[in-house]
1. Being assigned to a loop (DSSP other than H, G, I, E, B) and in contact (Cβ under 8 Å) with a residue 12 or more places away in the chain is the filter; apply it to region 269-289 and report the residue that is nearest to residue 224 (Cα to Cα).
2. How many residues does region 16-31 hold that are within 24 Å of the chain's Cα centre (by Cα) and either surrounded by 18 or more Cβ atoms within 10 Å (Cβ to Cβ) or not assigned by TED's automatic domain parsing to the domain that holds residue 113 (or both)?
3. Look through 363, 337 and report the one residue that is in the same structural domain as residue 415 (by TED's automatic domain parsing) and under 21 Å from residue 287 (Cα atoms).
4. Of all residues in region 224-244, which are touching a residue at least 40 places away in the same chain (Cβ under 8 Å) and loosely packed, with under 14 Cβ neighbours inside 10 Å?
5. Given (1) under 20 Å from residue 126 (Cα atoms); (2) assigned to a loop (DSSP other than H, G, I, E, B), identify the lone condition not met by residue 178.
6. Condition first: surrounded by fewer than 16 Cβ atoms within 10 Å (Cβ to Cβ), touching a strand residue (DSSP E or B) at 6+ places or on another chain (Cβ under 8 Å) and part of a loop (DSSP other than H, G, I, E, B). Now tell me which residues in region 295-332 satisfy that.
7. Taking the residues in region 169-182 that are in contact with a helix residue (DSSP H, G or I) (Cβ under 7 Å, 6 or more places away or on another chain) and surrounded by fewer than 18 Cβ atoms within 10 Å (Cβ to Cβ) as candidates, determine which candidate is farthest from residue 427 (Cα to Cα).
8. Looking only at region 75-93, decide whether some residue is modelled with pLDDT under 95, within 30 Å of residue 320 (Cβ to Cβ) and exposed (fewer than 14 other Cβ atoms within 10 Å of the Cβ).
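The values are calculated or read from the model by the stated rules, or taken from the named source; none is laboratory data. Since we're looking at a predicted model, the values are computed, not measured. A quick note on method: Cβ atoms are made from the backbone with ideal geometry, for glycine too, and the neighbour counts reach across all protein chains shown.
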């Protein structure tokens with residue numbers, strides 16, 4: 001299978017071609033493809049000048065490279081040159097520090113490579129959690145970017161459906177019906193099952209065997225569980241694991257899907273579970289969507305004496321599907337899919353939209369008029385660069401009545417609203433308002449990246 005095209009690749013290419021002297025630090029959860037992406041671009045652009053240090057495979061000798069002051073860039077480069085047994089020249093070398101969080105001095109040294117003339121790119125997993133135990137400060141003066149699990153557009157590129165990806169983008173702007181709507185829906189459902197972890201997708205493309213895909217996802221799940229239960233993390237690993245295992249149940253409630261500490265364990269309380277939950281978020285394993293009761297820019301999280309209100313999503317839809325324990329063939333068979341509960345299908349759809357919005361680096365909230373006022377709820381609120389507040393309602397099927405959306409639009413004077421469902425593209429008006437309703441299929445959630453402009 002050829003190299004999987006990733007959107008972050010454009011960021012890396014722009015950094016290489018630009019005049020920004022800062023090192024580029026790529027963060028992200030484990031198994032999202034950071035190393036593969038950097039290696040593919042680095043070897044293509046620099047050939048023999050691509051110089052990689054892997055802090056996982058040879059920790060003792062890579063530690064020796066950085067012994068001494070971290071601001072002595074010349075000494076560090078000289079040690080790297082000796083370690084790799086080749087000459088390194090500034091004008092034609094890309095230094096790659098892989099899993100840099102494993103070497104405290106290497107991570108700290110990044111700040112001193114700025115303005116040095118050396119191009120340095122680094123990748124790191126668990127950076128948001130490991131720095132709390134470090135003696136040296138997190139480096140300033142670096143350009144940071146995040147690699148998320150693959151969104152549906154990247155997934156379409158990987159399976160050779162570039163034409164559908166392009167068409168979905170075009171129709172997301174025009175909102176004209178798409179003639180291959182049903183075909184796109186079927187591909188989207190496959191995406192929900194396989195997910196955006198590169199190795200799981202590679203396995204499906206090469207074998208078309210969902211049992212093998214399930215094994216890949218189970219391995220990722222076990223890797224994440226091992227990370228969260230590592231005694232060196234300084235958190236309650238048992239509590240983190242219980243939170244992780246509770247997420248399918250939390251998102252399948254018929255009523256509000258607000259995260260409830262009591263659903264994690266008997267007598268669960270914020271004081272004992274907040275830190276492990278924040279660890280999961282910092283590790284990129286989950287996405288937190290906070291409640292707001294605001295309707296106009298700027299939105300702010302709602303909290304009261306009981307604490308904050310939020311929902312928690314799994315960062316990758318394939319992992320989410322795996323955690324539900326549903327057989328892939330059951331979900332992908334139209335006749336069998338109808339017997340699955342609407343709560344399950346709704347949770348899966350909402351989680352996938354959350355993943356798409358997170359991949360676009362969009363800050364989101366969910367909305368209620370008040371945590372104790374009525375039953376209305378809108379799944380996502382977005383803020384545009386023009387200080388607009390735009391509601392996004394998610395419907396897992398074709399029943400698209402949305403009373404809460406109409407209420408929010410009426411009270412908040414939103415300029416337009418999105419409704420994501422299994423229906424084709426269309427434009428209409430939110431009933432009883434002057435607000436345009438843009439009906440967009442669930443598979444087009446990735447195209448909402450225009451909100452950043």
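1. 285
2. Count: 8.
3. Checking each option against the conditions leaves just 363.
4. Correct list: 232, 234.
5. Of (1) under 20 Å from residue 126 (Cα atoms); (2) assigned to a loop (DSSP other than H, G, I, E, B), only one is false for residue 178: (1).
6. If the condition is that a residue be surrounded by fewer than 16 Cβ atoms within 10 Å (Cβ to Cβ), touching a strand residue (DSSP E or B) at 6+ places or on another chain (Cβ under 8 Å) and part of a loop (DSSP other than H, G, I, E, B), then 296, 297, 298, 300, 301 are the ones that fit.
7. The qualifying residue farthest from residue 427 (Cα to Cα) is 180.
8. no
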